[in-house]
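Here's the structure, in structure tokens; my notes come after.
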Amino acid sequence: MNFASDNVTGASPEIIAAIAAANHGPAMPYGADEITRRLEQRFAEVFEHEVAVFPVATGTAANTLALACLTPVYGAVYCHEEAHIATDECGAPEFFTGGAKLVTCPGEHGKLTPEILAPRIVGAGVVHNVQPAAISITQETEAGTVYRPAEIAALSALARQHALALHMDGARFANAVAGLGCAPADLTWRAGVDALSFGATKNGALAAEAVLFFDPKRAESFGYRRKRAGHLLSKQRFVAAQLEAYLTDDLWLRNARHANAMAARLGSGLAALPGARLLHPVEGNEVFVEFGDRAIERLAAAGFGFYRWGEAPIIRLVTAFDTASEAVESFLRVAGEALGGVTKR
Ligand SMILES: Cc1ncc(COP(=O)(O)O)c(C=O)c1O
């Protein structure tokens, strides 16, 4: 009954089993192990492209270390004003890039567009200005929407025009792939993404993310930056084991499909209630809904976990690989009662 975040979940049994299976005998440390070696190959198959893979333990490390490879210390990184890197990483992107500036931009439903970005990409060659260096987008977005391949390609075309790199925060990348039903390649390198923070923790891993570079040249300094940041794990085999299990038998997509289906049911159920308004299309595993304050209090009193989103009577509901459909139906029932029990026609 806790819809606060996909971080409130445990881990998939397959992931726990993979960690246990990796716990036999010695293995070379710091990524020189057999599982890490296999993982590179596995990611290359999934993405249909040569890829440099760097496991880390948190999404913040993935984002900030990836960005540090894509911008000089005097660079500008363009991102949405609600981007996790801008709002929820405690200044880590600025710290790990050595002082690059995050230039935050508005955008409907959590998305950036070339029209929004183009007039803001200014100052190249002007000694007084930060130098345009990278665009960072989030997939699925912080509003629970997803970028289509053509939308990413349009941003990438703008990036190329200004010699910028394109980074994707894919903390919920699996939900986007599952939601769109397209190939991982279509949402990344084929659309012009240079570096991807590939999330797994929110979707069934215990603590595992990976930074993927589709052009190994961009990754040259990553190893040093990761070590310097304290993110080169000596027993990396256990992180690699989680990622390997995550990619095995499509666990990552099966988990995400379930989470998305639960969110879709929540979204359609709530949209049918009078007094409830969805703020964004439900395209992944997050639902943003505006209720009256009294209804929010009723739901909280009934024991449902969720976050209020800002000052307005808006709540965010996040589903996950282990969300029970009974919990969703029970939430909809209580929400319906709190809002007067009438269904919109
Ligand atoms: C969009 C997004 N990016 C990245 C992260 C990763 O954060 P953490 O450093 O907590 O793993 C999160 C987690 O909430 C997120 O929502």
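The values are calculated or read from the model by the stated rules, or taken from the named source; none is laboratory data. Note that the coordinates shown come from a computational prediction; the quantities given were computed from them, not determined experimentally. Using ideal geometry, Cβ is built from the backbone for each residue, glycine included, and neighbour counts are taken over all protein chains shown. Calculation scope for accessible area: heavy atoms of the full protein, side chains included, ligands and nucleic acids excluded. Shrake-Rupley method; radii C 1.70, N 1.55, O 1.52, S 1.80 Å.
Take every pair of alpha-carbon atoms less than 8 Å apart whose residues are at least six positions apart; their mean separation over the length of the chain yields a relative contact order of 23 percent. Along the stretch 106-117 the Karplus relation, 6.51 cos²θ - 1.76 cosθ + 1.60 evaluated at θ = phi - 60°, assigns HN-Hα couplings of x, x, 5, 6, x, 10, 8, 9, x, 5, 6, 6 Hz to successive residues, with x for each Gly and Pro. Antiparallel beta bridges, as assigned by DSSP with both residues in the chain, represent about 50 percent of the total such bridges. Per residue, the chain exposes 42 Å² of solvent-accessible protein surface, assessed with a 1.4 angstrom probe and all protein chains in place.
Candidates Ala191, Gly223, Ser156 compared by Cα position along the dipole of the stretch 153-238: farthest toward the positive end lies Gly223, with charges placed on Cβ.
The charge dipole of the chain, taken about its Cα centre with unit charges on the Cβ of Lys, Arg, Asp and Glu (plus for the first two, minus for the last two), comes to roughly 220 debye. Among Ala271, Ala240, Ala165, the largest mean-square fluctuation in a Gaussian network model of the chain, built with springs joining Cα atoms closer than 10 Å, belongs to Ala271.
Sites listed here are GluC sites (Glu not before Pro) in the stretch 242-312 whose DSSP assignment is loop and whose Cβ has at most 11 other Cβ atoms within 10 Å: Glu311. For the chain, with all protein chains in place and a probe radius of 1.4 Å, 55% of the accessible heavy-atom surface sits on carbon or sulfur. Distance between the 7 Å Cα→Cβ label points at His49 and Ser268: 3.4 nm.
Just grab the label-to-label distance for Cys90 and Leu279, each label 7 Å out from Cα along the Cβ direction, in nm (one decimal). Rounded to a tenth, the inter-label distance reads 2.5 nm. Residues whose amide H lies under 5 Å from that of Thr138, counting only those 5 or more places away or on a different chain, are Asp169; hydrogens are built 1.01 Å from N in the peptide plane. Just report the Cα centroid separation between the stretch 1-60 and the stretch 200-259, whole Å. Centre-to-centre (Cα) distance: 5 Å. The helix-only estimate of mean residue ellipticity at 222 nm for the chain, built from DSSP H runs of length n ≥ 4 each weighted as -39500 (n - 2.57), is -11000 deg cm²/dmol after division by the residue total. Shape verdict for the chain, please, from the Cα gyration tensor: rounded (a/c under 1.5), prolate (a/b greater than b/c) or oblate. Oblate, since a/c reaches 1.5 and b/c is not below a/b. 3J(HN,Hα) along the stretch 149-156, derived from phi through the Karplus expression 6.51 cos²θ - 1.76 cosθ + 1.60 where θ = phi - 60°, amounts to x, 5, 5, 5, 4, 5, 5, 5 Hz, with x in place of Gly and Pro.
Restricting the GluC sites (Glu not before Pro) of the stretch 21-83 to loop positions (DSSP other than H, G, I, E, B) with no more than 15 neighbouring Cβ atoms within 10 Å leaves Glu48, Glu50, Glu81. What's the FRET efficiency of Ile116 with Asn7 using the Cβ-Cβ distance as r and R₀ = 22 Å, to the nearest 0.05? That pair, Ile116 with Asn7, gives E of 0.15. Summarising the label geometry, the points placed 7 Å from Cα in the beta-carbon direction at Lys235 and Arg308 lie 4.2 nm from one another. The residue among Gly303, His128, Phe173 whose Cα reaches farthest toward the positive pole of the charge dipole of the chain, with charges on the beta-carbon of Lys, Arg, Asp and Glu, is His128. Placing unit charges on the Cβ atoms of the charged side chains and taking the dipole of the chain about its Cα centre, the candidate lying farthest along the positive direction among Phe331, Val51, Leu243 is Val51.
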